[in-house]
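Structure, as structure tokens:
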Amino acid sequence: GPLVSALPHSSFQSSSESSVSYAAYNAKLNRRDGAGGWSPMVTDQEPWLQVDLREQMEVTAVATQGRYDSWDWVSSYLLLYSDTGRAWKQYRHEDGVGRFVGNGNSESVVQNKLSHPVRTRFLRFVPLDWNPSGWMGLRVEVYGCSYKSYVADFDGRSSLLYRFNQKSMSTVKDVISLRFKSHQAEGVLLHGEGQRGDYITLELHRGRLDLYLNLGEARFSSHRVPVTVGSLLDDQHWHSVHIERFNKQVNLTVDSYTQRFQTKGEGHSLEVDYELSFGGIPLPGKPGTFLRKNFNGCMENLYYNGINVIDLAKRRKPQIHSVGNVTFSCSQPQLVACTFVSSSSSFLSLPSASPAVGGFSVRFQFRTWNPEGLLLSVQLNPDPQKLRLQISNSWLRLTLHSSGRQKSEVSAGERVSDGLWHSVSLDGRNLQITLTVDNEPSSTIELWEQVQSRGSLYFGGCAATAPDCQGFAPAFQGCMRLIFINSQLMNLSHVQQGLLGNYNELQFDTCNIKDRCLPNLCEHGARCSQMWSSFSCDCSGTGYAGATCHNSIYESSCEAYKLSGSSSGFYFIDPDGSGPLGPTQVYCNMTEKKVWTVLSHNSTAPVTVQTSSLQKPHVMIFNYSASAKQLRAIVSGSEQRKILSCGTYYGSPLSWWLDREGEKRSYWGGFLPGVQQCSCSLEENCIDMNYFCNCDADTDTWANDTGVLSYKDHLPVSQIVIGDTDRMGSQAVYHIGPLRCYGDRSIWNAASFYQESSYLYFPTLQAELASDISFYFKTSTPSGVFLENQGLKDFIRVELSCECTLCLQYETQWHYVRAERNAKEASVQVDQLPLRFLEAPADGHLRLRLSSQLFVEVSVSFDRESSVTYTFQEPFSVMQNRSSQASTSSTDSRAREDVALSFVTSQRPAMLLTVSTFSQQYIAVILATNGSVQIWYHLQTGKKPDVFTPTPSNLADGRLHRIRIHRVGKNLYVQVSNTSTGSPYTLSSDAELILIRSLTLGKVTRASKGFIGCLSSVQFNHVAPLKVALTNRGSSLVTVRGPLVQSNCGALAESHTLQGKTSTSMTLMICLLRLTNTRADCFCVVTAVVFITVCALAVVIRLVYQQRRAQRSSGSIKEEHRHSMYTDYRTELHLHNPVRDSVKEYYI
């Protein structure tokens, strides 16, 4: 339920407030106290609003609202959380994005559900964007509930021992769960072992969680290999751990990441002697002595197989023994850090405190991923000496610059850019400067005279006005804490308040480090490495290339190698392209008529079998040069697959073979499944017509049965079993040939689109994080949409656009298009032209969520006199229309409308859509004189219409905008582009539209303003008027006035797409051809657009999909998927045509 509404004034804090009436305690949802919400001072550089929930709560959602009856609201924000209000952590969604969608006006409520709940006491809202015509204004609510918490604090020298009732405990199933937080990267959380050699150890190591688990393999040794999960777990914030084991199967979950594995050892039960220890590994017989470094931090809700260990300890139950000082409240110190955000402009300057004696000293801790960066710059007396401490190639390098070009250097530390905290100490005394890193041996620079620091010390970078500080290493990007200057601790809160030093591009009270390699977004087993704001993938040895190792460097089939001009030979093929299966080596036999793919196995020579019986049959297992999944992909993608099966037998052996699924098969070459016969029976030439196989004739001469197995669902042969050759003189010889396939269904298909209204439907693209699409095309049309797929907010589109109408008039060549999208970039390439790409934003990787089928969109360009009017076949009510669409079980009888349209225009005012009735009711969607969209509802005659303005923004900006309207009774829900109104508007009437007459797009009357621009994806309930207008020209239902030209709205919007920091799309363009003929010299582009409407971020997403993409789950495409592909009767499909060599149809 709501947690904020009942909080006292003291629970609210803020960075500043415009005045008392704008105070933080006025920021309660739907309240009008004071000025109706919180607003910071206009001079506040880093505004925030903080809420104290008074105790630990489990938070599941947050909601925001603008300041009441004002132009002040926040359109996007960050959410931070903390246990103490000192050390903060940024909340990130499952896909790594930290930005939340805010408000588009002052009254609507926008609720954001948290993808994973957080347990916290303090929340901080940090505005990022706000109404450009107003200022920041916030009212907030937090939703969640309380929860029971059992806490134990371990000081690094203590532990809890849970002792069993018997000598040892043997379990087949274990469930262990706990939460912990620590600021140290090392420490044992759990340990138990048995005399049989079983053990379980859970420990923090280098900020990750290692689980060692063994079931009777060997005694405790130093050669143990852990299962590792998580990263940066020493961040002073709570992390959840859940271990579930059944026999040898184990699930280890840390926060939202799960690792599944099988335990080592021969046993199925975990046998632990005497006790389990939590917080350390005590040394037997030596109280207070531990084998490994103990855990230093807090544990919460520690359960072992349903037993609440901390509750037992707190109640001093006899089965719990406490070692050292274990307390039951979390009192861990909060080490406040600051984050250096920018690699070019971040810095922190602090004054040099007076030393107690001569010289100077500096100490601090830092963590970063970057291998380069300036940590510290100090001016020294006597002048002009200066000292630089920087990270260079992941080492620390200290440089003393003297007069002229003289300098002295020393290095220390190693791999300090590993994301862990490292301590640094600089000490300038006794005619030397000493550098110490992580308590390792020091490095020293000898001096001729004693030096002292002069002026301010610059950490992380330099101000533009700082003397002799520019032009060195890039600025430090990372976190710092515990900064001491001449043994005095620097108060970072005073820095933030402007009371001490100076800074730029810093975040206080948080270390906003992120592990960009968790999860590993590099595909196909590639190695991930990272810097502060990006990651990279090493594709070496994977068989793949690209930013995330997504693209196979091999062709998908022998057919593809033939098209590229290759001759017969051994090749690696990747049958599922960028899918998970990986490449395999095959032999490609390029004949004149067909291209054969040949896969050998381990027994290609004839095999003689004797002395086999049904009780002890001869069994041969065939191992192919490809895995079972690869074989299935190769076979399912081929037109024919062949196996040569030949046998020569004496006597009557009982023999069979196993298919790829291990099923027993007794039919032989030449017959379909289920028919236990050989090819001689089909050809009626068996040596004894009383038998269906030559080898069954039981003659005293050699005979053979030769044939082809070609039923693809059973291939390849995995085993053959020969029995009944143990009689005297009885033997058999068999020869199983290689698997041979030909064809590639991904190549042998094409479709011709003869009219502008032609289209194909396919299932929804599965392209959340990474996929690709490629195709060939040829056309004489200057523009058109190749494909489009939409979701609730996201969509992708690939289209062709030319700058003149003669571009491709005489074009007869095939062109190849490939587009890809992954977590790092989006790209598109045409033919052999240079690849064009755009990088994805550093703030996470957005998941592309699509829901509709893949189809070609209808887009139409209008001018001022254009209009399209759709006349309904007969007067009817929307209710009647809706009820025909709805399920008969629906009990909701309220009036409903669903309206949607996309548009691009630079004209204002403009008429977009009008729905009129015979009863003088109407709906209108217009652009006002200021470019804002207005929605008019007139449902009751004699009363004024209801007029709503969902957003004051100017939408006549040349960009593509999407409007969705949904009415249920009096409630009107509106979404404009990426902004939803949240709470519905309330109409003055819930009346339904009676006797609908027509729907008009564009100009309505001679006196009215028309519409100049592009309309697309127009829908009113079940009616799509633009599609009807283009597919049924001349129909009595449609009236077209003025010029109407099929167009593509994306191309019209492209020139404006990249303008402004809040743009929600980016367009990838690549030159297709510079076509020259006697009449025109034109320029064409293939454009791939991906819209991710999240938070008004400029998000670049890579369009990616591949029709041959491997299914993540095993098995091929189900038959029902084939039936779900709808084809318009104007689209002609061409299958099994010869391909590119003779300029035949490929695929479109």
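You will find that of S411, S394, S442, the residue that is outside the structural domain of L232 (by the TED database) and either farther than 18 Å from L374 by Cβ or crowded, with 18+ Cβ neighbours inside 10 Å (or both) is S442 and no other. If you check L457 against the conditions, is it modelled with pLDDT of 90 or more and part of a strand (DSSP E or B)? So L457 fits the description; yes.
Would you pick out the residues in region 414-434 that are part of a strand (DSSP E or B), open to solvent by 30 Å² or more (accessible area, probe 1.4 Å) and in contact (Cβ under 8 Å) with a residue 60 or more places away in the chain? If the condition is that a residue be part of a strand (DSSP E or B), open to solvent by 30 Å² or more (accessible area, probe 1.4 Å) and in contact (Cβ under 8 Å) with a residue 60 or more places away in the chain, then S423, S425, D427, R429 are the ones that fit. Note on region 662-681: residues that are in a loop (DSSP other than H, G, I, E, B) and either modelled with pLDDT of 70 or more or not assigned by the TED database to the domain that holds A628 (or both) amount to 8. Based on this model, can you work out whether V968 counts as among the hydrophobic types (A, V, I, L, M, F, W, C) and open to solvent by 40 Å² or more (accessible area, probe 1.4 Å)? For V968, the condition - among the hydrophobic types (A, V, I, L, M, F, W, C) and open to solvent by 40 Å² or more (accessible area, probe 1.4 Å) - is not met. If you go through region 31-46 and keep only what is modelled with pLDDT under 95 and either under 36 Å from the mean Cα position of the chain (by Cα) or closer than 22 Å to T510 by Cα (or both), you end up with D44, Q45, E46. Identify all residues within region 445-465 that are of a type in the set (V, I, T) and buried (at least 16 other Cβ atoms within 10 Å of the Cβ); write none if there are none. Matches in region 445-465: I445, V451.
Between E266, E186, the distinction of being open to solvent by 20 Å² or more (accessible area, probe 1.4 Å), more than 33 Å from the chain's Cα centre (by Cα) and charged (D, E, K, R) belongs to E266 only.
Checked against (1) open to solvent by 30 Å² or more (accessible area, probe 1.4 Å); (2) at pLDDT 85 or above; (3) assigned to a strand (DSSP E or B), V598 meets all criteria but (1).
When N30 is tested against (1) touching an Asp or Glu at 6+ places or on another chain (Cβ under 9 Å); (2) open to solvent by less than 60 Å² (accessible area, probe 1.4 Å), only condition (2) is not met.
Answer yes or no: is there a residue in region 638-645 that is in the same structural domain as Q731 (by the TED database), at pLDDT 80 or above and assigned to a loop (DSSP other than H, G, I, E, B). The answer is no, given that none of the residues of region 638-645 is in the same structural domain as Q731 (by the TED database), at pLDDT 80 or above and assigned to a loop (DSSP other than H, G, I, E, B). Applying the criterion of being among the small types (G, A, S) and modelled with pLDDT of 70 or more to the residues of region 1001-1016, the residue that is farthest from I963 (Cα to Cα) is G1010. Answer yes or no as to whether S540 is outside any strand (DSSP E or B) and open to solvent by 40 Å² or more (accessible area, probe 1.4 Å). In short, yes. Selection of region 234-249 for residues being buried (at least 20 other Cβ atoms within 10 Å of the Cβ) and at positive phi yields only Q236. Please enumerate the residues belonging to region 1-27 that are buried (at least 18 other Cβ atoms within 10 Å of the Cβ), over 38 Å from the mean Cα position of the chain (by Cα) and outside any loop (DSSP other than H, G, I, E, B). Across region 1-27, the qualifying residue is only Y22. Tell me whether region 552-565 contains one or more residues that are in contact (Cβ under 8 Å) with a residue 40 or more places away in the chain, part of a loop (DSSP other than H, G, I, E, B) and not assigned by the TED database to the domain that holds D418. Looking for residues that are in contact (Cβ under 8 Å) with a residue 40 or more places away in the chain, part of a loop (DSSP other than H, G, I, E, B) and not assigned by the TED database to the domain that holds D418, one finds at least one in region 552-565, hence yes. For region 119-128, state whether one or more residues are within 30 Å of D72 (Cβ to Cβ), among the basic types (K, R) and in contact with a Lys or Arg (Cβ under 8 Å, 6 or more places away or on another chain). Looking for residues that are within 30 Å of D72 (Cβ to Cβ), among the basic types (K, R) and in contact with a Lys or Arg (Cβ under 8 Å, 6 or more places away or on another chain), one finds at least one in region 119-128, hence yes. Among the conditions (1) under 30 Å from R31 (Cβ atoms); (2) open to solvent by 10 Å² or more (accessible area, probe 1.4 Å); (3) under 31 Å from the mean Cα position of the chain (by Cα), V140 misses just one, which is (2). Quick one: is I926 crowded, with 16+ Cβ neighbours inside 10 Å and either among the acidic types (D, E) or out of contact with any helix residue (DSSP H, G or I) (no Cβ under 7 Å at 6 or more places or on another chain) (or both)? Answer is yes for this residue.
So that you can scan it fast, the table gives a plain yes or no per residue for (1) at pLDDT 90 or above; (2) within 45 Å of the chain's Cα centre (by Cα); (3) of a type in the set (D, E); (4) open to solvent by less than 60 Å² (accessible area, probe 1.4 Å):
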site: F290; (1), (2), (3), (4): no, yes, no, yes
site: N294; (1), (2), (3), (4): yes, yes, no, yes
site: G297; (1), (2), (3), (4): yes, yes, no, yes
site: L302; (1), (2), (3), (4): yes, yes, no, yes
site: N308; (1), (2), (3), (4): yes, yes, no, yes
site: D311; (1), (2), (3), (4): yes, yes, yes, yes
site: K317; (1), (2), (3), (4): yes, no, no, no
site: V326; (1), (2), (3), (4): yes, yes, no, yes
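Of all residues in region 899-911, one or more are of a type in the set (F, W, Y) and surrounded by 18 or more Cβ atoms within 10 Å (Cβ to Cβ).
The values are calculated or read from the model by the stated rules, or taken from the named source; none is laboratory data. Not measured: the values here are computed from a predicted model. A quick note on method: Cβ atoms are made from the backbone with ideal geometry, for glycine too, and the neighbour counts reach across all protein chains shown. Quick note on the areas: whole protein, heavy atoms, side chains included, nothing else; ligands and nucleic acids left out. Shrake-Rupley method; radii C 1.70, N 1.55, O 1.52, S 1.80 Å.
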